[in-house]
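Structure, as structure tokens:
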Amino acid sequence: MRALGRAAAAVAAAGVTIAGCAGGPGAGGSAGGISDGKVVLAVLNDQSGIYADLSGKSSVEAVKMAVADYKAKYGDKAVATDVEVLSADHQNKPEVANSKAQELYDRQRADLILDVPSSAAALAVAGVAKAKKKIFMDIGAATTELEGAQCNKYTFHYGYNTYMLAHGTGATVTKDGAKNWYIVYPDYAFGQDMQKNFTAAVQGAGGTVVTSDPAPFPNDNFSTFLLKAPGLDPKPEVLGTMQAGGDLVNLVKQYNEYKLRDKGIGLAVGLMFITDIHSLGPDALAGTKFTEAWYWNGSPENRAWADKFQSVAGKRPSFPNAANYSAALQYLEAVQRAGTDGADAVVKQLEGHTFEDVFARNGSIRAQDHLLLHDVHLAQVKPSAEVTEPWDYEKILSTIPADQAFQPADPACKL
Amino acid sequence: MLQQAFNGLVGGAFYAMLALGLAVIFGMLGVVNFAHGAFYMLGAFGSYVLLDSYGVNFWVSLAVVPLALGLVGVLLERLFVRRLTPLDPLYNFLFTFGLALILQDLVKRRYGVQSQPYPRPALLDGTVDLGLFTYPAYQVFVLAVSLVLCAAVWLVLTRTRAGMIVRAATERPELTRALGVDVGRWVTPVFGFGIALAGFAGVLAAPMRAVNPLMGADLIITVFAVVVIGGLGAIFGSVTAGFAIGLVSALGNLYVPALSQTMVFILMAAVLLWRPAGLFGREEALS
């Protein structure tokens, strides 16, 4: 009897809650208020393939941290009282990304999709976001197309891109004295794009690309290129590799075997994640320069956040982890300012917004093309003798200010 | 140029070792072992795990890992392959293909997809002066070991009674059986040996290549082409073709980088047009 009474009370309570929601600001989804009574953030990324370790499920944890921090900050005054975090695996396939994005926006009522690594998948999701008029903040993909010819009102690009990688490493290393480059790149869209951007950056800084060679992708034997390097005329001072993942590991292992550093040919990496350094061991890469969007041990604030992240995710954060956190947080802040999760109102709040958070220093979202501008760094891999704790692999050499790190807005972008 | 050719031979050493294992297994059992690449990957991961968790060094791994994988091969043959052999060859094809996927995914689940670190053994860290040029010691070692290994296998096959039986059973299983040799008894150790060889190549690869779950899958396609070029089931042919393909792809990288990956398959097509059974294969093996 008592059990029955409790059940009845629960049902009644539930009824009141539902009624409360229906009567709340979300009703009807009209101007203002929260649609469906809750804000839904969906992390769509690679959870089992080649990018799973550097973003994947750990980025979902980062987004949950952002939700918790938002709630803690605003408490009773939070506009978004009910925030749900979803995740889905796009397997790095553009067609899967496309259908998952549609499903997330339509059936699962996602208000925001985050991450989506690999450029083809990101462009597919940007198309869906545009058609559905829902917000998409891309972190994982590097292509500048997202803020170029294929930009749209609902898509934001957050964290890094090929221009920033090329400009940071190519121009800085050239200005530091390595004038002659030999570039080896994987023969597919990303590699070709990187090769083009790097060549432009090196030449812009007064350097020369002696030769650039396309390598098969994937490839486990780079000896041909490594042997060729010292014989080029003029002899390159730096080998720029645009390889990623397993290919990068293969190339660096062989670079060390051929002792090219001893022969006066330094190594610069187009795109490197901290997980790559971990794979190779810092000694294999010691001295290598690359552009880093964010480093967990780069400042006391970063470190404090990284400690918190480690307690939930069990590892040190990569830059995509931190960028996912920041994107989710800035989205929720925009919802707070707008007083609604209506996409058009939130876009208006994000455009031109300037802010500071643990990921974005001197952050601002450029209104013309929705690219996040923020300070980035030229980093160098430490030799293991200088590594004092697990995952402490990087030395920050210099900061590239937000207004110089990224390209000027592309006139091809019409929002 | 000479250095590049040498290079190609080092790459070819891996093809040769893997092709050798594939060839004996195919010859004797008629099984196209799609899991061969996965065992190569397990060889590399085996040495990584031994070093990382138990501090076992490279040299011990080089002996222990192939042995352990060889035993796994023996078990597999006893438990599955043997039962499937009398059926349509498609069954063993599906079995080994499925096995490869499962092994890859198990490793992926446990260790993720990023590559695992494996340092070069200290003894082979330097370079060797080969007269005409200096070369990384480790690569010279890989080439030497694989040549010695292939030569040893060749000697065993040509100079011993057991080798004679295996060779006969590999190249003409029906006839050998008709002569009163119990071919079945030889099948298990040969299968185990083939797997051990793949594992051995994996251990050798760990210090110079990315150790990740897909390393075998990426390589095995080329190795299949090698075996076909050499002539299915032809042991000598597979080894020769392995080194030859290594050479061709290294020089291809140098002169026509865009074609270097397709080169192997262009060569395969050309060889098959000229000799449908492969360079060293016999026409009757096709029927």
Open item on the list: Being crowded, with 23+ Cβ neighbours inside 10 Å and of a type in the set (Ser, Thr, Tyr) narrows it down to one residue among A:Ser118, A:Ser99; which is it?
Closed with: A:Ser118
Open item on the list: Checking the structure you have, find out if any residue of the stretch A:177-198 is farther than 15 Å from A:Asp410 by Cβ, open to solvent by less than 10 Å² (accessible area, probe 1.4 Å) and touching an Asp or Glu at 6+ places or on another chain (Cβ under 7 Å).
Closed with: yes
Task: Candidates A:Leu397, A:Leu350, A:Leu332, A:Leu415 - the one that is closer than 30 Å to A:Lys38 by Cβ and not assigned by TED's automatic domain parsing to the domain that holds A:Ala78 - done: A:Leu415
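Table: residues versus (1) buried (at least 17 other Cβ atoms within 10 Å of the Cβ); (2) hydroxyl-bearing (Ser, Thr, Tyr); (3) away from every other protein chain (no Cβ under 14 Å).
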{"position": "B:Phe26", "(1), (2), (3)": "yes, no, yes"}
{"position": "B:Gly43", "(1), (2), (3)": "yes, no, yes"}
{"position": "B:Leu51", "(1), (2), (3)": "yes, no, no"}
{"position": "B:Pro89", "(1), (2), (3)": "no, no, yes"}
{"position": "B:Thr96", "(1), (2), (3)": "yes, yes, yes"}
- [ ] Evaluate the stretch A:111-118: report whether one residue or more is in contact with a Leu (Cβ under 7 Å, 6 or more places away or on another chain) and part of a helix (DSSP H, G or I).
- [x] no
Open item on the list: closer than 28 Å to B:Gly46 by Cα and within 13 Å of chain A (Cβ to nearest Cβ): is that true of B:Val113 in this structure?
Closed with: yes
Task: Index of the failed condition, A:Asp138 passing every other in (1) surrounded by fewer than 24 Cβ atoms within 10 Å (Cβ to Cβ); (2) among the acidic types (Asp, Glu); (3) within 28 Å of A:Pro218 (Cβ to Cβ) - done: (1)
- [ ] Would you check which residues across the stretch A:398-415 are in a loop (DSSP other than H, G, I, E, B) and either touching a residue at least 24 places away in the same chain (Cβ under 8 Å) or buried (at least 16 other Cβ atoms within 10 Å of the Cβ) (or both) and list them?
- [x] A:Pro401, A:Phe406, A:Gln407, A:Ala409, A:Asp410, A:Ala412, A:Cys413, A:Lys414, A:Leu415
TODO: State the number of residues belonging to the stretch B:5-59 that are part of a helix (DSSP H, G or I) and out of contact with any helix residue (DSSP H, G or I) (no Cβ under 9 Å at 6 or more places or on another chain).
DONE: 3
TODO: Tell me, yes or no, whether the stretch B:130-138 has at least one residue that is over 25 Å from B:Met215 (Cα atoms), open to solvent by 10 Å² or more (accessible area, probe 1.4 Å) and either more than 14 Å from chain A (Cβ to nearest Cβ) or in contact with a strand residue (DSSP E or B) (Cβ under 9 Å, 6 or more places away or on another chain) (or both).
DONE: yes
- [ ] Go through the stretch A:330-345 and count every residue that is small (Gly, Ala, Ser), at negative phi and not in a helix (DSSP H, G or I).
- [x] 1
Task: Tally, over the stretch A:364-397, of residues that are buried (at least 17 other Cβ atoms within 10 Å of the Cβ), among the acidic types (Asp, Glu) and more than 17 Å from A:Ala284 (Cβ to Cβ) - done: 2
TODO: Kindly indicate whether any position in the stretch B:171-189 is away from every other protein chain (no Cβ under 14 Å), within 18 Å of the chain's Cα centre (by Cα) and of a type outside the set (Val, Ile, Thr).
DONE: yes
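Conditions (1) farther than 17 Å from A:Tyr393 by Cα; (2) aliphatic (A, V, I, L, M); (3) under 20 Å from the mean Cα position of the chain (by Cα), marked per residue:
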| residue | (1), (2), (3) |
| --- | --- |
| A:Leu285 | no, yes, no |
| A:Leu329 | yes, yes, yes |
| A:Val335 | yes, yes, no |
| A:Val358 | yes, yes, yes |
| A:Gly363 | yes, no, yes |
| A:Ala367 | yes, yes, yes |
| A:Leu371 | yes, yes, yes |
| A:Leu378 | no, yes, yes |
Task: Filter result for A:Phe222 (under 29 Å from the mean Cα position of the chain (by Cα) and more than 11 Å from chain B (Cβ to nearest Cβ)) - done: no
- [ ] Name the single residue, out of those in the stretch A:265-282 being within 7 Å of another protein chain (Cβ to nearest Cβ) and touching a helix residue (DSSP H, G or I) at 6+ places or on another chain (Cβ under 8 Å), that is nearest to A:Tyr255 (Cα to Cα).
- [x] A:Leu280
TODO: Would you point out the residue of the stretch A:57-76, among those that are touching a residue at least 24 places away in the same chain (Cβ under 8 Å) and basic (Lys, Arg), that is most open to solvent (accessible area, probe 1.4 Å)?
DONE: A:Lys57
TODO: Tell me which residues, restricted to the stretch A:35-52, are crowded, with 24+ Cβ neighbours inside 10 Å and either more than 13 Å from the chain's Cα centre (by Cα) or aliphatic (A, V, I, L, M) (or both).
DONE: A:Val39, A:Leu41, A:Ala42, A:Val43, A:Leu44
Open item on the list: I'm trying to understand the selection: among the residues of the stretch A:346-367, which are within 16 Å of A:Ile400 (Cα to Cα), part of a loop (DSSP other than H, G, I, E, B) and not charged (D, E, K, R)?
Closed with: A:Phe359, A:Ala360, A:Asn362
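So that you can scan it fast, the table gives a plain yes or no per residue for (1) modelled with pLDDT under 90; (2) in the same structural domain as A:Asn302 (by TED's automatic domain parsing); (3) outside any helix (DSSP H, G or I):
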residue	(1), (2), (3)
A:Ile18	yes, yes, no
A:Ala42	no, yes, yes
A:Gln47	yes, yes, yes
A:Glu61	no, yes, no
A:Ala68	no, yes, no
A:Val85	no, yes, yes
A:Arg109	no, yes, yes
A:Ala129	no, yes, no
Task: Filter result for B:Val81 (within 12 Å of chain A (Cβ to nearest Cβ) and either open to solvent by 30 Å² or more (accessible area, probe 1.4 Å) or touching a Leu at 6+ places or on another chain (Cβ under 8 Å) (or both)) - done: no
TODO: Among the residues of the stretch B:189-215, count how many are open to solvent by less than 10 Å² (accessible area, probe 1.4 Å), assigned to a helix (DSSP H, G or I) and among the β-branched types (Val, Ile, Thr).
DONE: 2
Task: Odd one out for B:Leu106, checked against (1) part of a loop (DSSP other than H, G, I, E, B); (2) within 14 Å of chain A (Cβ to nearest Cβ) - done: (1)
Task: Single unsatisfied condition, B:Leu179 versus (1) more than 18 Å from B:Tyr15 (Cβ to Cβ); (2) in contact (Cβ under 8 Å) with a residue 12 or more places away in the chain - done: (2)
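The values are calculated or read from the model by the stated rules, or taken from the named source; none is laboratory data. Bear in mind that the values here come from a model prediction, so they are computed numbers and not experimental data. So basically every Cβ, Gly included, is an ideal-geometry build from the backbone, and we count neighbours across all protein chains shown. These area figures cover heavy atoms from the full protein model, side chains too; ligands, DNA and RNA do not enter into them. Shrake-Rupley method; radii C 1.70, N 1.55, O 1.52, S 1.80 Å.
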